[in-house]
1. For the chain, list log₁₀ I(q)/I(0) at each q in 0.09 Å⁻¹, using the Debye formula over Cα point scatterers of equal strength and ignoring solvent, two decimals each.
2. Quick one: net charge around residue 236, please, counting Lys, Arg +1 and Asp, Glu -1 for every other residue with C-beta under 15 Å from its C-beta.
3. Cross-link partners among lysines for residue 201, C-alpha distance below 18 Å, same-chain residues fewer than 8 apart left out?
4. Accessible area per residue, 1.4 Å probe, Å², for the chain: what's the number?
5. Can you work out D for segment 138-201 in µm² s⁻¹ from Stokes-Einstein, where Rh is the Kirkwood radius over C-alpha pairs, the temperature is 10 °C and the viscosity is 1.306 mPa s?
6. So which trypsin sites (Lys or Arg not before Pro) in segment 182-262 are both in a DSSP loop and have at most 11 other Cβ atoms within 10 Å of their Cβ?
7. Can you figure out the FRET efficiency of residue 100 with residue 44, using R₀ = 25 Å and their beta-carbon distance, to the nearest 0.05?
8. Would you mind telling me the share, in percent, of accessible area of the chain contributed by carbon and sulfur at probe 1.4 angstrom?
Amino acid sequence: MKKHLIIALAGLAALAVPAGLQAQAPGTAERLYVIECGQGQVPDLSRWSPGVNVGKTSQYVTNCYLIKHAQGYLLWELGLGDELFGRPEGRGAFTRWRLARTLASQLDEIGIKPSDVKYVAASHSHGDHIGNVGLFPQALLLIQKAEYEWPTTLGVARYKPEHPVKKLEGDLDVFGDGSVTLLSTPGHTPGHQSILIKLPKTGAVLISGDAAHFQENWNFRRVPSFNVDKDRSLASMERIAAILAHTKAQFWIHHDKPQSDAQKKSPAYYD
Ligand SMILES: [Zn+2]
């Protein structure tokens, strides 16, 4: 009798989870793709650390990150903008940005159309982070209210008023299961945010945005001269440090080229 019950229950369990369609582990996203969204030459690194590294050249990257979750795709960071592709002269003075591959072509390589993306979010509104926002007119933009309302020097809106938007005032648990959390980390810009992603095998990953630009600046808590608020920048770095200690997350620093060079790139992924 008992044996039959166990067999019956085992049969039900097998029916509940068809082969190949196992649900993702609770509280985690399925995959994280690192997509190349730009390569930068830095003529003078001291812009990011007043009085330090004066005249020292360096290299930056700006990556995009596609997160696959059972509820849909979230694209974190939107790079330089695919229109920069095929322009060898590049763009920008403080960082001269170039684009080796388009975001659209790299999404296509993994079978994703821009219209498949449900949410887009960038750490902030600088041009090396939101360039491709126009590729995703249907995706819900997750942005801090303070960032959305931050005026440009010309007084024009940073985002098209018709773009669907959710204006945040603090952290957001995007999928409601703790797998992907936007973290309010203001200072670089008024509504800067970072992201914490939990994956089944890789564990937790916290991606900085421009709360820190590269490893050395993080280690010494250096604040770039052009951040809008130095004190809030420092407080956000301390907040991130506390979350890293608490979650044991890996810390991925957005523009750090040596770190990026060591990461697997799309179509490979972290799971
Ligand atoms: Zn940046």
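1. The calculated log intensity ratios at q = 0.09 Å⁻¹ are -0.43.
2. After counting each charged neighbour, the total is -1.
3. 68, 248, 264, 265
4. In whole numbers, the chain has 47 Å² accessible per residue.
5. Stokes-Einstein gives a translational diffusion coefficient of 123 µm²/s.
6. The qualifying sites are 201, 248.
7. That pair, residue 100 with residue 44, gives E of 0.60.
8. Carbon with sulfur: 58 percent of the solvent-accessible area.
The values are calculated or read from the model by the stated rules, or taken from the named source; none is laboratory data. Because the structure is a prediction, the values reported are computed rather than measured. FYI the Cβ positions are ideal-geometry reconstructions off the backbone, even for glycines, and counts take in every protein chain you see. Note: areas computed on protein heavy atoms with side chains; ligands, DNA, RNA excluded. Shrake-Rupley method; radii C 1.70, N 1.55, O 1.52, S 1.80 Å.
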